[in-house]
Amino acid sequence: MRALWRRCTDERGIASVMAIFIMVLMLVSGIFLVRMSSTEGDIAYGTMWAEGSFFAADAGVNVGINTIGPGQPTCVQSATTIGAFSYSVAAGPGADTFCFLSATSRQGDMLNQGHQSFDYNYAIRGSGTGPRSAQRTVDAQVAYGPVQE
């Protein structure tokens, strides 16, 4: 009986089994950490591209606002690429060729007593695109005036 018990208590090879087990645990945890860090990087890049395309769309709206002036009831449609981002400015809702919405009449306010003046209302749409199909659109309504006529 004692000989049978000695065969069961022989611990030769247990050190290599434990070493392999610890190496497997370290491999699994390493794979998990690398995957987690790549996911965090993807999220950060996605946020950066989304914000960049929003600012590109905002730049398009500002270009459209700069083209508005008295006696100019249309918007200039243009597109520009800056690095990985691009913007385009077009007319407002529906992207018609005219972005002029309406003219609101003012009758004899404190500055223009006895004269009729107008506020011209415009609609402008700026679209921005970035890497990996990041897109943002900004719609703006702009009032220009008072303009005497």
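The values are calculated or read from the model by the stated rules, or taken from the named source; none is laboratory data. The structure presented is a predicted model; accordingly, all values stated were derived computationally and were not measured. Ideal geometry is used to build each Cβ from the backbone, glycine not excepted, and the neighbour counts take in all protein chains shown.
Does Ser102 qualify as being surrounded by fewer than 17 Cβ atoms within 10 Å (Cβ to Cβ) and modelled with pLDDT of 80 or more?
no
Which one is surrounded by the fewest Cβ atoms within 10 Å (Cβ to Cβ), of the residues in the range 38-69 that are among the aliphatic types (A, V, I, L, M) and under 15 Å from Ile124 (Cβ atoms)?
Ile65
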